[in-house]
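Below is one structure, written out as C-alpha cells; the observations come after it.
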Amino acid sequence: MPLASADDWLALVAAAGLKGPALQLGSHCLFCGYGDGVLRLHLPEEDAHLRNDSLVRQLSTAAAQRLGRDVRLLFEGKPAQSGDTLHARTQRERSEKQSAAEASFLSDPVVAQLLGQGGSIVPDSIRPLSEN
C-alpha cells in the first residue's frame, strides 16, 4: 500500500484493524509525510492524551503491517499542510447524512400534513437509515 497523501493515510487507518484508543489515536492524527520508514504526523493539542507509548507502538505496528516495512512515527508540532483527520472526515460525513435525513423527512408530504395539523417532532429523533 503506498502512503503518499492524506487520503492514503486515512485509508491505512481505516483498514489497519485498529481498535479502541489505538484507533482513536490514528483517527485524530493528521498526515504530514512519509519517507525512509518515517511517518510524520500531527496530533492536535486537544488530543494529546491519546499519545502514549503503548498506543504509539500499536499504531506504528499497524502501519508497518500495511506498508510492509518497519515504521517510525514522528509527531510534528504544526502540520505543513491542512487536511482532514479520519475523525474529522467521519464527523463531517455523519453530519451531512443527518442533515440529509432531516431534510428528506421534513419534505415528506405526510409529515408536512401531520405537522400542519399540530403534530410535532421529538428533538434528535430523526436518524439516517444507516444508523438504525
Item to check | Filtered residue count, the stretch 22-49, keeping only those that are outside any loop (DSSP other than H, G, I, E, B), in contact (Cβ under 8 Å) with a residue 12 or more places away in the chain and surrounded by 14 or more Cβ atoms within 10 Å (Cβ to Cβ) | outcome: 16
Checklist entry - Which condition breaks for Ala14 when tested against (1) touching a Leu at 6+ places or on another chain (Cβ under 7 Å); (2) buried (at least 16 other Cβ atoms within 10 Å of the Cβ)? => result (2)
Checklist entry - Pick from Ala62, Ala6: which is surrounded by 14 or more Cβ atoms within 10 Å (Cβ to Cβ) and modelled with pLDDT under 90? => result Ala6
Checklist entry - Exactly one of (1) closer than 16 Å to His28 by Cα; (2) outside any helix (DSSP H, G or I); (3) without any contact (Cβ under 8 Å) to a residue 40 or more places away in the chain is unmet by Ser60. Its number? => result (2)
Next on the checklist: When you scan the stretch 71-91, do you find a residue that is part of a helix (DSSP H, G or I) and surrounded by fewer than 14 Cβ atoms within 10 Å (Cβ to Cβ), even just one?
Outcome noted: yes
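The values are calculated or read from the model by the stated rules, or taken from the named source; none is laboratory data. All values reported here derive from a predicted model rather than from experimental measurement. When we count neighbours, we look across all protein chains shown, and the Cβ atoms used for this are built from the backbone with ideal geometry, even at glycine.
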